[in-house]
Structure formats: C-alpha cells, structure tokens
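No value in this document is a laboratory result; all are computed from the given coordinates. Quick caveat, the model's predicted, so the values are computed rather than measured. Glycine also receives a Cβ, built like all others from the backbone with ideal geometry; neighbour counts cover every protein chain displayed.
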Amino acid sequence: MGVAIDLKGRRILIVGASSGVGRSTALAVAAHGGQIAVVGRRAAQLDEVVAAAGGGVAIQADLTDADACARVVETATTALGGLDAVLLPVGVSPLQVMTGLTAETWFQAFATNVVGPALVTAAAVKARVEPGLFLFVSSANVAQPLHGLGAYGATKAALEHTIRTWRMEHPEHRFLKLTIGATMPTEIHRDFRDDVLGELLPRWAGTGIVTADFMEVGDVGAAVAELVAVALDHPKIAVDDVVLNPAAAPLDEAALNRLAELAAAGEHLDADGQPKV
Ligand SMILES: NC(=O)c1ccc[n+]([C@@H]2O[C@H](COP(=O)([O-])OP(=O)(O)OC[C@H]3O[C@@H](n4cnc5c(N)ncnc54)[C@H](OP(=O)(O)O)[C@@H]3O)[C@@H](O)[C@H]2O)c1
C-alpha cells in the first residue's frame, strides 16, 4: 500500500540512513524512482541499504566531524549531479538522568543532533543557487520533558530553534520540521541500559508519551518519502511542520510498571533488541 507518488529524477541526500527511519525512507525514495545518497558511520549497513535499494551512493561519515559534514554534501552533489532535497533523520538518544550525564555524552548528543545537521545544511545552502528542501526530525520530547531524556530533548529543542532561524535567514529554501512519535524497530535506543530504563519507565506515566502500540519503521519511511514527494511537487508551498504519531492510546501506569519490571530484569527487549510492548 501507499500513496501513488513519483520521485523519478529527484536527487535526495539522506543523512542517518544506515538504520531506522533514515534507512526505510531511503528504500521508499528509491522504490519510487528517486536517486539516493545515504550517510552514516557504519559502512557495512550503508552498503546493505544501497544493495536493498537497487542503487545509490554510500557515504561513510561521522557528523561530529565538521569537515565530514562539508564532504557529505560535496560528494553527494557530485555523485548525483545536484541535490533536490536533504533529509536529516539522524540522531543519538542518551538515556540518563541529569546528574548522571557526562560532558562527553552532552557534547556527543549536541554534535550529532544539532551541530552536524546545521553544518550539513549550511554546506548545502552555500553550494546551491536554486531553492532546496531540507527535512529535520524532531521529537515530542521537546514539548514533554521526560526523566532521563533531558539531553536528548535539549538537543531537539535546539534543533527546532535552528530550523526557525534557517527559515528567517533563507526564505528562498524550505525547512521542514517532522516530529515523529515512537517508531520501531530502529536503533535509537541502542545505548539504553536496562537498569536505567527500569528505573525511568514508571516516571513516564501520565505524560502520554508511551503508547500501547508503535509506528512500524517501514510505514514511517514510506510516509516520509510520500511527504517529500508532495513537498517537491508543490515548490510554492512551505510544508513547515508535520507530526506523525502512533494511532494508539497512551499506556496506563500499571502497564508502564510492568514494562519497568521487565526492563529491570533485562527482559524488556526481544531477541532483535526491540521493546516488547
Ligand atoms: N524511533 C523513535 O521512536 C523516534 C522518536 C522520535 C524521534 N526520532 C528521531 O528520528 C530520527 C531517526 O532515529 P531512528 O529511530 O531511526 O534511530 P536509528 O536507527 O538509531 O537511526 C539514527 C541514524 O543516525 C545515524 N547517526 C548517529 N550518529 C551519527 C553520527 N555521528 N554521524 C553520522 N550518522 C550518525 C545512525 O547511523 P550510524 O550509527 O551508522 O552512524 C543512524 O543511521 C532521529 O533524529 C531520532 O531522534 C525517533
């Protein structure tokens, strides 16, 4: 299923495409005829994405390296003969209470989630003369702080500020903020520790953030590709803010407590490393 869209001839750079939402978006873009350049630190995963997509350019790069951010844009532009859209579904999400966060974790989170996307966008804005489309991925965590996700939420709040500033300074381009809710399976929680999660989950009760069901990552990738196609087909319309959330009710306190017990016992994640909800 999916909306009938056509991305033939569209040249799309996807930063953070070695797993999760970025990977599934890259596959959906390619399935609709788009040309893709995919970026991440893990070369083997990028090669897998290009193989699964039936073509594309893999660019191994670490966004915390400023030179790499410029190189990503240059390499993708040269390889694809230009860029029609730059998608940034990139991010890391430390899970730690404020008193437990190290300076290194803070720096890594801001470098990956805020500074890297800003430097990639700056390089692309400077390199192009024609209007462009940029898509950033934010989180409900900006509006709803959660115990243990203070650093993550702070980076996304900062990211949102950069988006608003990009729009002011460069009205000739379009900067789309896509806020997504819980999406699985992805690797965003790869660094979550079971014991920390077990302590924190009960504290998320009443926030409405943890829902009884998640969005499926392939479904989200398809929706993002469709959204990009709509935006590219309507260049005079600024598609500013889009929110994709699970169509499911929030978990109640008892269910969260049960999840917390599973997490504390090291049984919250299944064999694929995904939460058992
Ligand atoms: N999944 C959710 O429930 C959810 C909810 C709200 C918002 N989001 C947002 O959605 C976006 C995608 O997340 P996801 O869930 O798909 O997680 P994911 O599977 O972990 O994907 C994150 C991507 O970012 C890349 N990345 C991380 N650090 C990088 C670095 N230093 N340099 C280059 N690439 C880097 C990763 O590749 P490498 O590790 O290979 O570098 C990976 O391709 C993120 O912005 C996240 O904050 C996700």
GNM on the chain, Cα springs under 10 Å; top mean-square fluctuation among 142, 90, 230 goes to 230
Most exposed first, judged by fewest Cβ atoms within 10 angstrom, 156, 177 run 177, 156
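When a footprinting reagent is the concern and you count Cβ atoms within 10 Å, what order do 49, 228, 57, 129 take, fewest first? Walk me through the numbers on the way to the answer.
Values: 49 24, 228 28, 57 18, 129 6.
Least to most surrounded, the residues fall as 129, 57, 49, 228.
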Rounded to the nearest 5, the percent of DSSP beta bridges in region 148-277 running antiparallel is 25
Answer in debye to the nearest 20: the dipole magnitude of the chain about its Cα centre, from +1 Lys/Arg and -1 Asp/Glu charges placed on Cβ, is 740
antiparallel share of DSSP beta bridges within the chain, to nearest 5, in %, is 5
The set of residues whose placed amide H lies less than 5 Å from the amide H of residue 58, leaving out same-chain residues fewer than 5 positions away, is 38
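Please give the charge dipole size of region 1-77, origin at the Cα centre, charges +1 on K and R Cβ atoms and -1 on D and E Cβ atoms. Round to the nearest 20 debye. Before the final figure, lay out each step's value.
Values: 7 positive and 7 negative charges, 44 e Å.
Its charge dipole is roughly 200 debye.
Work out the length of the dipole vector of region 128-172 about its Cα centre, built from +1 on the beta-carbon of each Lys and Arg and -1 on the beta-carbon of each Asp and Glu, and round it to the nearest 20 debye.
Numbers: 4 positive and 4 negative charges, 26 e Å.
About 120 debye.
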GNM of the chain, Cα pairs under 10 angstrom: of 159, 135, 197, the biggest fluctuation goes to 197
Projecting the Cα atoms of 29, 60, 45 onto the charge dipole of region 1-62, where Lys and Arg contribute +1 and Asp and Glu -1 at Cβ, the residue farthest towards the positive end is 29
Spelling it out for residue 135: with amide H atoms placed in the peptide plane at 1.01 Å from N, the residues 5 or more places away or on another chain with amide H under 5 Å from its amide H are 86, 87, 88, 176
Expected max-MSF residue from 205, 254, 53 in the GNM of the chain (alpha carbon, under 10 Å) is 254
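May I ask you to list the GluC sites (Glu not before Pro) in region 161-248 that are in a DSSP loop and have at most 13 other Cβ atoms within 10 Å of their Cβ? Mind showing how you got there, number by number?
On the way: sites: 169, 172, 187, 199, 216, 226; in loops: 172, 187.
The qualifying sites are 172.
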If 173, 147 are placed from fewest to most neighbouring beta carbons inside 10 Å, the sequence is 147, 173
Cα-based Debye curve of region 1-74 sampled at q = 0.25, 0.27 Å⁻¹ gives log₁₀ I(q)/I(0) of -1.08, -1.21
Both in Å, the radius of gyration and Dmax of the C-alpha trace of the chain are 18.4, 55
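Work out which helices of the chain, taken as complete DSSP H runs, extend at least 20 Å along their axis over the Cα atoms and score a mean Kyte-Doolittle of -0.5 or more, then list them. Before the final figure, lay out the partial values.
On the way: long enough: 66-80 (22 Å, 0.67); 150-169 (28 Å, -0.54); 217-233 (24 Å, 1.55).
Going by DSSP H runs, the hits are 66-80, 217-233.
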